[in-house]
Structures are given as structure tokens and as C-alpha cells.
Amino acid sequence: MTGFAQDVRYAFRQLTKAPMFTAVAVVTLALGIGANTAIFNLFDQVLLRRLPVKAPQELVQLEHSGKDYGNRSSYGGSGEAYFSYPMYRDLRDANAVFAGMLATDSTQTGVQWHNQPELADTELVSGNYFEVLGVRPALGRLFVQADDVTQNASPVVVLSFAYWQRRMGSDPKILDQTLLINGRPFTVIGVAQPGFHSVVVGNSPALFAPMMMKPEIMPCCNDLTNRFSRWLNIIARLKPGVSRRQAEAGLTGLWHALRAEEVKDIPHRSDAYLEQYVQSHLRLTDGDQGFSPLRESIRAPLVIVMSMVGLVMLMACVNVASLLLVRAAGRMREISLRYALGAGRGRIVQQLLIEGLLLGLAGGALGLVLAPQVSALLLRRMLTYISGDLPFSAQPDLRIFAFNFGLAIVVSLLFSLAPALQFWRPDLTHTLKQQNSTVATGAMRFRRASVGVQIGLSLLLLIGSGLFLRTLYELKTLDVGFATDHLVTFGIDAGLAGYDEKDVPGLFQRVSDRLAGLPSVHAVGATNDPVLAGDTSNRNISIPGYTAKEDEDMGAEWSIVTDGYFSALQMPLAAGRSFTAQDGPDAAKVAIVNESLARHYWGDPQRALGQHILRGTVQDGQPELQIVGVSRDSKHEDMRSSIRRSVFVPYRQDAEAFRYPLQFYVRTWQEPQAIEGTIRSAMKELDSRIVLDTMRTMDQQIDDTLSTERMIALLAASFGILATVLAAVGLYGVLAYSILQRTREIGIRIALGATRGKVARMVLTEVLWLVGVSVTVALPCALLLSRFLKSQLFGVSEHDPLTLGLMTGLVAVVALLAAYLPTWRATRVDPMVALRYE
């Protein structure tokens, strides 16, 4: 232990004697370790961690495959993970393999406390939600099954711990107080435990409400009794001793029996369809990490980014190893003298490893300071849809500390191997006579190889960043089918302001009239199905006289819109007319379809005019709608999704339209940001209870939907630039040291008549040879690895020749710039001075 302490003190003195070397090495390591720690913090919380609940390994998530009928309302993730409430209830009550089954759905509510209204993320949960998860209260009590038996019978609410802290200031007197939720009184009965956000990872609800309160929480969608409305997710806890496979097998008979009952109410389907509907498969997946649409959408990007930042760490490690070899060349005599005086090989290697460990730990400590700042920035970029408390933390915990310093120790051992191997069997005779050219030559070969590796890795990262930047550009410049400029959008849910259903149409008419009367407003429109917001509203349709092929997909995007909708979005028509004020409840029922639907059923937009279309089937009792217009195709769900067949119906002609919140679109003559304050003031004057949901320009909304792509492009570009800088610094160091070692040779060449141009060509030839070999090796690797990026690209091939050419050229230019100063110094060598010192 005494020897180890002596080595630590000696290593510290050695590092302080070379402050420039130490600073460069520590900063290089801090950038690599800090970047890895920041990305791993997100990677760990999103992809690796289990739910902070009791025995999460016992949880399973329910999914189903096969034919479906009816409607599905989702907020992301696989559509196979959504079930109807009657199906949940039947599975919960009749299964023999689960200790408990919970159901959950996410929404927003209007919350008023102390006369201060706000929109709050809310989770509808079954009465056994907290019991199944094993979550305990921080204050008061949580829901029990008795709170979730009868519709609208238990207006109680549980607060999340973060919301209680932020909104109520951790006031313990909040228990039994009343909150107005959507204008209805709810009693606060408890606060959930700290650290628990939701069983839906990535969500951070402020409130939890019983499932049976859905008519009050979601006035637009009271479908608790509809077997063909799928909208909730199910998580279950296995009984002790029951495996996931056993539970799945035990549920098969029950699932098929329940589906056989449902199929009796599905009209006019082929026998094959009905058989496939019944024989669908109910499967159980691991539920220890909860349900997470965010995880599914960001898994691949995070894996890619983690791989890229790993390459940056490798480059930093190689760079520091190269620096240590240069430093080792100056310590050959010192180390050889220690060998000559009797020092053992193990003690020498221990000394070098301790010096490397001190560098690594210093870099890790500095990286740990930088990581939370980077993590916080990335979280806000990634979770733009969350306005309240974030479900993830940017601050490191014990897991992140362990990763950070574990990585620091590992890379310390790796880059310390270079000098340790260098001094494993030194030539004591030559070294003590100061004849260390052989050692210097060996070190130089390693440095050249390390720089070649760095150039190759930087090219890989630059190509990756180029592909992601091209993808972002293609998405940003994509023609979405309507004009996105000078367009402000926001949502209004009349139910959140306490309006009864019968008063909703009048309110929305007053809102539209007030907005249309504002200065600089060109047009106002609204819909229940927002565009480019990740929302879909799929409905089955029928075409009179059209016989559907067996199992043909008869679904279509079904949007309820006001008569100013097409004008506000400047969505052009390919044929026919738009909706007008005359398309009221007493007028003939009409619809507008998009080009894709018109061409699919009638082959041409003009031929679709005058045809009829139905929502569902004739037996559903829905009226026939006459097609009066055909709109141009446009993007709907998001920028990447393909264009779907779509139907638009007038707001005033849909009997259920008043149940839905509306997304308003206001087209202005002036810059849209300039009118946002005017809109808020006008709505407040109209009714102070109205809360505007996420007011922003359409361009801002598109930017928000591209947050993941922007994050990947930003990180990839940053890593590519950092890698290129590291490679340039490494190349500069190799050339500078090489020219210093070859000063005598260069002096002799110049003395014998070599021109400065020839000397420059000699140096640049070495540079180009090194770059050429690196590029030759890296390009095939880039072509191979880019196939793994294919799913994240849009509008650009993973083998895009423009990106490959530009990034290869950029690497060559940076290499020549790094070589400029050493080359200039080589051409300025004075032969007399060089030979005199030899």
C-alpha cells in the first residue's frame, strides 16, 4: 500500500510538471466521457430501466393481433396494444393467471385551483391501478376498486408527487380540497409516491382519475360500453409461480370465446374474415418497463446515437494514447534508469497505469460536470410535447455515476497500454547512451496508425451526420399539400371550460366569428382531427354499389371540419367545391374526399363528384354523404407517414361533432407570431374559462414533430465535428513530431539541392497517403454500416453519393489544413542550423 501511495504522489507530480499535456488529455477525455454519460443517461432511462414499482419483473403487457372492427383511438405505439373497456373488464374478471390487471389511458383536462385555470396532463386509470403496481401514497390514500365501479359516481383525484410539489407547494392541506376539472368538482384524496410518474414511460401526468369518470374527464369520448372502440392499454401482474408463457396459453381459450361473442355483432363480413377475427392471437410481452410509445419511436435513434458517441470515445482514447507515446519518448532515459537501478517491470507498469488512471478520473469528473447540461438540453429537444414536469431527470444518479467512472477507468486502462507496452522491454544500453531512435520510430508508427484510425472514424461519423442532415432537410422542405406559412394553430376543448354539450356548437361559432373579425386575419378554420400532430381518426367506410374485395381495407381518415378549413389551410381542390355556410344541419349531407380515395374507388377526381359515401355500413344507420369536392392529397399524421385515403365532413352536419375538441387554424396577412397575443386577448374577452392548448405557428408545430430528427442530426453533426477536430489535432501532432525527428534528413536534402516545393510535396505525399489508406478502409465500412441507418432516413439513400463525396472531400480538406503549418516549417528548415546541432 505504501508503494501504491508513493506511485500516486509521483504520478501527480509528473502530470503537474506537464500542465499543457495534462490539460489537453483531460479535456479530450472529458468531451468523450461527458458525451457518453449524457447520452447514456437518456438511453438508460428510456430503454433500460424498469418501472419504479413493486416486483416489476412480474408485470406483462397485453397485445393482440388479427382482424379488428370499429374504431381505435391511440396516442402512439403499436395499435395492437389498445383494447376496449368491455374487453378489459371481461379479461380482468374471468382470467385465472393474473394477480391483477390494470387499464390506463392518457388525456388532458382543464384544471382550476384558486381561480387559476391551466391544462394538465391526466391519466385515466382503473381502480386497481396503484394496487397492481404496488405504488404507495406520499400523502393521503390512492384509488381502490370501490372508486371505479359506477360511471360518474366517484369524482376523486390523485395528484402526482411532482405536480403536488410544483403547483401546490407540497401543501399537506391539499387533502380533501376541491379542484375543478373540466368545470366539475373533484376531491383530492392523495398524492402518489415520489419517483413514480406513470406506467406509460415518457408520460408525466399531473393527475390520476378513475376510469369510470371518463364521461367527465373526456366528454367527447364516452365509450365505456362500446366493444368496438379500442382506446386503453392493459398491464397485468402474473400470479406467483405462473410464467409468461403459461399465462399466455391459459388466456387463449378465454380470448377466443370473448372474440366469438363480439363477432356476432359485426355485420356483413366474409366467413374468412369472421374466422380470422375469432382466431386472433392474444400475446403477453414483458411489462417491467411499462408501455411506452416514446420508447418505440426513439429506440433506434438512441441506439444509433449511442453507437456514434461510442466511436467518439474510441477516438478520444486513441488520441490520448498517442499523446502518451509522444510523452513517453521523452521519458525513455528516466524509465531505463529506473530499470537499471533495480525497479521491477510490474512497478514500472503500475506507475504508468496510475498516471493514466489519474488522467481518466479527472476527465470523468469534468465530463460528469458537463453531462447534465447536455442531458437537459436533449430532454427538452426530445420531449417538446410535454409542457409540465419532465418524466426523466438530467441529473446523474448512482447508475450514471457508476457508468461515468466505470467508463473512465476502462478507457484509462486502454490508453495506458500504449506506453506500458512501450516500456515492457526497453533497450537499456541504447537508451542510456541516448540512442533512442528505434523507440521513437516505433512510437511514430503507432501514432501514424492511430491517426489513420481517427481519420477513418471521423469519416464514418461525418457520413452518418451528413445523411441525418440531408434527412432533416428533406423533411423540412417537403411539400405537405397545404401552405404552412402565416398560419397559427391552437386547440380549444369546450368541455374543459365546463360547457355542456348543447352549448358547444354556439361557443365554437362565436370563437370562429371573433377570430375572423381580428385585424390581419385572412381565414379561420377548425377540425377535430389536427394535421401533422401525430393524430389519426380512422373509420370504416362503405361505397354504395361498390363490392369490397375479400378482407379489403375499407378504412379512411375521417375529419370533421368547419367551412373555413380548406381556405385557412390553403389546401387546394382538384375538383368540385369547398364547404359553405349553406352546408348546415338541414341541408343535404355532403362530403369532400381526397385524391387518393377518389382514384381508388372511381379512378378520377371528376368522376367522384356526385357519388355517395357512408361512414360504416348501411346497417349502421348512418346517412349517405354526397361527394361535392375532391381535395389535393396532403400529409396528415406526420411528415414521414404516407398519404391515406381521407374523408372530410362539415362540422354542422355531424351529429357527434359537439363532443370533440377543435383545433383552430388562423391564416394571417402578417407574421403569425405578431397576432398570437391578439388571439389570446380576444379569447379571454370572449370567455375567461377558455384555455388555449399549445398555441404556435404551423411551422413551429412541424419543427416540434421533427424534434427527434433534429436531435439526431444535431448530435451526429456535433460528434462528426468533434471527431474531425480530434483527427486533425492528431494528424498535426504526428506531422510536427515527424518533422522534428527528420530535421537532419530535411536539412541534408535541402543542402543537396532539394527545393522547398519538393520538401512540401514529400510531407504532403505522406499526408495524402495516410488519408487515402484511411478513406479506402473507411468507405466500405461506411457503406456497410449505413444500412443500419436506413429506417431513420427519409428522402435520401443510405448510399447517397453526394453525401459520401462531400464528406470524403471534407476530410481531405481538413487533413491538408492540419498539415499546412508542419509543412511550412519543413520548408523553412535551415540546413546549416540542422547539421550544426547534429
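For ILE613, ILE643, write out the residues from largest to smallest accessible area, computed with a 1.4 angstrom probe and no ligands counted.
Numbers: ILE613 0, ILE643 70 Å².
Accessible-area ranking of ILE613, ILE643, largest first: ILE643, ILE613.
Summing -39500 (n - 2.57) over the DSSP H runs of n ≥ 4 in the chain and dividing by its residue number, what mean residue ellipticity at 222 nm do you reach, to the nearest 500 deg cm²/dmol? Please report the intermediate quantities before stating the final value.
On the way: 25 runs with 407 residues, N = 838.
That calculation yields -16000 deg cm²/dmol at 222 nm.
Using a Förster distance of 56 angstrom, determine the FRET efficiency expected from the C-beta separation of HIS114 and PHE446, and round it to 0.05.
Values: r = 69 Å, r/R0 = 1.23.
Computed FRET efficiency for HIS114 and PHE446 comes out at 0.20.
Compute the Rg/Rh shape ratio of the range 549-655: radius of gyration over Kirkwood radius, all on alpha-carbon atoms.
Details: Rg = 13.4 Å, Rh = 14.2 Å.
Taking Rg over the Kirkwood Rh, I get 0.94.
For LEU207, what is the net charge nearby, where nearby means another residue's Cβ is under 9 Å from its Cβ and Lys, Arg count +1, Asp, Glu -1? Walk me through the intermediate numbers first.
Numbers: positive: none; negative: ASP121, GLU123.
Neighbour charge sum, excluding LEU207 itself: -2.
Would you mind counting up the charge near TYR163? Only other residues with Cβ under 14 Å from its Cβ, with Lys and Arg at +1 and Asp and Glu at -1. It would help to have the intermediate numbers written out before the result.
Details: positive: ARG166, ARG167; negative: GLU118, ASP121, GLU123, ASP171, ASP389.
So the environment of TYR163 carries a net charge of -3.
Out of (i) 15, 46, 32, 7, 1; (ii) 11, 23, 18, 13, 14, 13, 6, 2, 0; (iii) 13, 36, 30, 16, 5, 0, which label holds the value of P(r) over Cα pairs in 20 Å bins from 0, in percent that was computed here?
Evaluating P(r) over Cα pairs in 20 Å bins from 0, in percent on these atoms matches (iii).
Which value, in Å² rounded to 10, gives the accessible area of LYS264 with a 1.4 Å probe and all protein chains present?
140
Would you mind computing, in nm to one decimal, how far apart the modelled labels at TRP769 and LEU784 are, each placed 7 Å from Cα along Cα→Cβ?
Distance between label points: 2.6 nm.
What's the extension gain from ARG689 to ALA402 if we count 0.36 nm per residue and subtract their Cα-Cα distance? Write out the running numbers ahead of the final one.
Numbers: separation 287, 0.36 × 287 = 103.32 nm, distance 4.93 nm.
Answer, rounded to one decimal: 98.4 nm.
Considering only protein heavy atoms and a probe of 1.4 Å, how much of the accessible area of the range 675-770 is carbon and sulfur, as a whole percent?
Numbers: 2550 of 4370 Å².
Ligands and nucleic acids excluded, carbon and sulfur give 58 percent.
Run through every distinct alpha carbon pair of the range 102-203 and return the Kirkwood hydrodynamic radius in angstroms, one decimal place. Don't skip to the end; give the middle numbers.
Details: mean 1/r = 0.0719 Å⁻¹.
Evaluated on the range 102-203, it is 13.9 Å.
Order the following by accessible area, largest value first: LEU47, LEU361. Probe radius 1.4 Å; ligands, DNA and RNA are ignored. Could you put the intermediate results ahead of the total?
Working: LEU47 15, LEU361 65 Å².
The ordering from most to least exposed comes out as LEU361, LEU47.
Taking a ≥ b ≥ c as the square roots of the eigenvalues of the Cα gyration tensor of the range 130-256, is the shape rounded (a/c under 1.5), prolate (a/b larger than b/c) or oblate? Walk me through the intermediate numbers first.
Numbers: a/c = 2.34, a/b = 1.45, b/c = 1.62.
In terms of gyration-tensor shape, oblate.
Using alpha carbons only, how many degrees (0 to 90, rounded to 10) separate the axis of helix 19-43 from the longest principal axis of the chain?
Orientation of helix 19-43: about 20 degrees from the principal axis.
Which value, in Å to one decimal place, does the Kirkwood hydrodynamic radius take for the range 190-289 when every pair of different Cα atoms is included? Walk me through the numbers before you get to the answer.
Numbers: mean 1/r = 0.0586 Å⁻¹.
Computed over the range 190-289, the radius equals 17.1 Å.
Work through the residues other than LYS635 whose Cβ is under 12 Å from its Cβ and net out their charges, Lys, Arg +1 and Asp, Glu -1.
Working: positive: ARG632, ARG640, ARG644; negative: ASP479, GLU557, ASP633, GLU637, ASP638.
In short, -2.
Given 0.36 nm per residue, what is the gain on full extension from SER243 to VAL410 after removing their alpha carbon distance, in nm?
56.3 nm
Ignoring everything but the protein chains, give the 1.4 Å probe accessible area of LYS54 in square angstrom, nearest 10.
140
Taking only protein heavy atoms and a 1.4 Å probe, what accessible area per residue, in Å², does the range 636-720 have with all protein chains in place? Mind showing how you got there, number by number?
Numbers: 3530 Å² over 85 residues.
Counting only protein heavy atoms, the per-residue value for the range 636-720 is 42 Å².
Show me the ranking of peptides 244-250, 582-588 by mean Cβ neighbours inside 10 Å, starting with the highest.
Values: 244-250: 14.7, 582-588: 12.3.
Result, highest mean first: 244-250, 582-588.
Nearest 10 degrees is fine. How inclined is helix 85-94 to the longest principal axis of the chain, computing both from alpha carbons?
Its long axis makes an angle of about 80 degrees.
Once fully extended, how much extra length lies between LEU478 and GLU296, figured as 0.36 nm per residue of separation less the alpha-carbon to alpha-carbon distance?
Numbers: separation 182, 0.36 × 182 = 65.52 nm, distance 2.44 nm.
Difference between extended and current length: 63.1 nm.
Roughly how many debye, to the nearest 20, is the charge dipole of the range 81-153 about its Cα centre, given +1 on each Lys and Arg Cβ, -1 on each Asp and Glu Cβ, and no other charges? Don't jump to the answer; show the numbers that get you there.
Working: 4 positive and 9 negative charges, 38 e Å.
It comes to approximately 180 debye.
Report, to the nearest whole %, how much of the accessible area of the range 104-249 belongs to carbon and sulfur atoms, 1.4 Å probe, protein only.
Numbers: 2730 of 5480 Å².
Accessible surface attributable to carbon and sulfur in the range 104-249 totals 50 percent.
Just reorder SER84, SER65 by solvent-accessible area, largest first, 1.4 Å probe, all chains present.
Values: SER84 5, SER65 30 Å².
Listed by decreasing accessible area, they come as SER65, SER84.
The values are calculated or read from the model by the stated rules, or taken from the named source; none is laboratory data. Please read all numbers here as calculations on a predicted model, not as lab measurements. Cβ atoms come from the backbone with ideal geometry, glycine included; neighbour counts cover every protein chain shown. All accessible areas refer to the heavy atoms of the entire protein, side chains included, with ligands and DNA or RNA removed. Shrake-Rupley method; radii C 1.70, N 1.55, O 1.52, S 1.80 Å.
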